[in-house]
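Asker: Here you go, one structure.
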Amino acid sequence: MNDRFNCSREPHNPAGEVTQPVEWPLRMGRRSLLAGGVAIGSAAVLKNTLPVHAQDLTGTIQIGFDGADETVHPFVEATAEELASSNPDASLQVEASAGGSYATQLVLQLSRGQGPDVFLLSGVAVAELAESGLIAPLTRYVADWDDWEEYRDEFGATVTYAGDVWAIPYSMDTHFLYYRRDLFAGAGLPDPWNPDTPADILEAALAIKREYPEVIPYALYAGANGGNSTVVRGFVPLVHAFGGTLVDSEGLWIIDSCAIRDALSFYEQAYQIDQVVPQDVMTGASPTSAMRQAMGDGTLGILYDGSWTYQPWLENDPENTEANIGIALFPTDDDREPFAVGGTGNCWYINTSSEHPDLAWAFVEAFNARENQIALNLVDPHIPARSDAASDQSFQQTAFLSAIVASADVLLLTEPDPAFRELITIVQNATGIVATGEAEPVEAVERYASELTRVLGEDNVVRQTCSR
């Protein structure tokens, strides 16, 4: 999906509730995650589960989503069929996009008053679509939807903007530090690995570099080629690890702070001083794909990436993956607990131009049934957005699935802000010039501050004093 919309959060049972304590990182069980997920598959879309008020609906709606997403397709079809069978005067047309630039094409359609009535898109699009008037607020619907209580407050906040709810997610993103156990063993590093600080990541990478000069010790995304990974899987976790935030309590974007300086200094240490991250990680044509492949192949030591990246490794080589790929949470530079960068996964939105929003909402509500969220997030491992889905025993069948739902309690989440898209290029520039040695961290911070001020305006930014 287009980086513009990629990233990239209790009064009820928490989504991270588990029956047994979870240790970080985990050694995966011998039972295959994939086997457990496929056994449920789209067959878990239960019939005759529609709420009473989803009856006697009329009209025709188009349901849009990225056709490349083969996982979600059968669930869309099954939900539309179920809703149509209960509403003979309603027509639900499933329209999977055929092109490769789904998000771009969709926004163009919406801006012309066209496009599907209800569509699936990453949650990071919430603020920008709402600001543009392209999506309908869902507040009146969730007010009468009892199941909204199953969404943790922090999850609901990620789809709430300017006082309204704008989208309904079925999954939440989480991330792990993946590491190769075989390389760690050869380098004399511990397993399980629980880095206490960001510096421990670099120390482990240095040990791998000394023992295995032919492999990539560590993949830290920087520059433009890293896309959104440069922000979500590189810069953001480091700023938080060093005690900072991107936005202050007043909603102002922070253009300079000790944490931002420390994050960029970490880039300098990794790329220029220790040289545990080769330049190819930044300059390759598709660094994210290449580094995921390298981790699976055993030619990369450490990678910070999403929970969904584990399944392809498991599919391609189950024994090697279970034996050699471990996980850990991201450490902090002080006594704060380790964390996982979170994000709002795929969400359903309603087109503001839809002539039948009630029918569109009925589809959204039915699609987000507990059974659907369980099945979808087993096939494509994420945190189910519903707490009652996340607490299902299916997510205890492997250590990895258990770790996914447990990470909900330590997620680093951000609320919607249309300025996020502007941040991406600025972070790419700042990290890129440090990684290549073009600028030192202090100079990169000044460029970061200048660019963010120019884009957002002086009234929307703040500089936090740093005595270092």
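The values are calculated or read from the model by the stated rules, or taken from the named source; none is laboratory data. Computed from a predicted model, the values in this text were never measured in an experiment. Note: ideal-geometry Cβ built from the backbone for every residue, glycine included; neighbour counts use all protein chains shown. Each accessible area value is taken on the protein alone, full model and side chains, heavy atoms only, with ligands, DNA and RNA left out. Shrake-Rupley method; radii C 1.70, N 1.55, O 1.52, S 1.80 Å.
Asker: What is the one condition in (1) in contact with a helix residue (DSSP H, G or I) (Cβ under 7 Å, 6 or more places away or on another chain); (2) acidic (Asp, Glu); (3) open to solvent by 50 Å² or more (accessible area, probe 1.4 Å) that Asp459 does not satisfy?
Answerer: Checking Asp459 against (1) in contact with a helix residue (DSSP H, G or I) (Cβ under 7 Å, 6 or more places away or on another chain); (2) acidic (Asp, Glu); (3) open to solvent by 50 Å² or more (accessible area, probe 1.4 Å), the one that fails is (1).
Asker: If you don't mind, another one. From Ala98, Ala90, which residue is open to solvent by less than 20 Å² (accessible area, probe 1.4 Å) and more than 22 Å from Gln373 (Cα to Cα)?
Answerer: Values: Ala98 fails: open to solvent by less than 20 Å² (accessible area, probe 1.4 Å).
Ala90 is the lone residue from the list that is open to solvent by less than 20 Å² (accessible area, probe 1.4 Å) and more than 22 Å from Gln373 (Cα to Cα).
Asker: Filter the range 131-144 down to residues that are charged (D, E, K, R) and in a helix (DSSP H, G or I), then give me how many there are.
Answerer: The qualifying residues number 2.
Asker: Here is a follow-up. Could you grab me the full set of residues in the range 433-465 that are outside any helix (DSSP H, G or I) and among the aliphatic types (A, V, I, L, M)?
Answerer: Ala439, Val461, Val462
Asker: Moving on to the next point. Give me the pairs, please: first residue somewhere in the range 421-435 and within 20 Å of Gly123 (Cβ to Cβ), second residue anywhere and acidic (Asp, Glu), beta-carbon distance under 8 Å, and either six or more positions apart or on two chains.
Answerer: Arg421/Glu128; Ile424/Asp3
Asker: Continuing with this model, one more query. State all residues of the range 85-126 that are of a type in the set (Phe, Trp, Tyr) and more than 24 Å from Ile424 (Cα to Cα); if no residue qualifies, say none.
Answerer: Phe119
Asker: Need the failing condition index for Thr414 against (1) open to solvent by 70 Å² or more (accessible area, probe 1.4 Å); (2) among the hydroxyl-bearing types (Ser, Thr, Tyr); (3) touching a strand residue (DSSP E or B) at 6+ places or on another chain (Cβ under 7 Å), just the number.
Answerer: Unmet for Thr414, out of (1) open to solvent by 70 Å² or more (accessible area, probe 1.4 Å); (2) among the hydroxyl-bearing types (Ser, Thr, Tyr); (3) touching a strand residue (DSSP E or B) at 6+ places or on another chain (Cβ under 7 Å): (3).
Asker: Something else now. Output the residues belonging to the range 194-205 that are within 24 Å of the chain's Cα centre (by Cα) and open to solvent by less than 10 Å² (accessible area, probe 1.4 Å).
Answerer: Matches in the range 194-205: Pro198, Ile201.
Asker: Of the residues in the range 412-468, how many are acidic (Asp, Glu), within 28 Å of the chain's Cα centre (by Cα) and either closer than 17 Å to Ser265 by Cβ or at pLDDT 95 or above (or both)? Can you show your working first?
Answerer: Let us first name the residues in the range 412-468 that are acidic (Asp, Glu), namely 415, 417, 422, 438, 440, 443, 446, 451, 458-459.
The next check asks that each one be within 28 Å of the chain's Cα centre (by Cα); those that pass are 415, 417, 422, 451.
Adding the requirement that they be either closer than 17 Å to Ser265 by Cβ or at pLDDT 95 or above (or both) leaves 451.
Going through the range 412-468 one residue at a time, the tally reaches 1.
Asker: Restricted to the range 217-265, and to residues that are among the aromatic types (Phe, Trp, Tyr) and more than 17 Å from Ile433 (Cα to Cα), which residue is most open to solvent (accessible area, probe 1.4 Å)?
Answerer: Phe242
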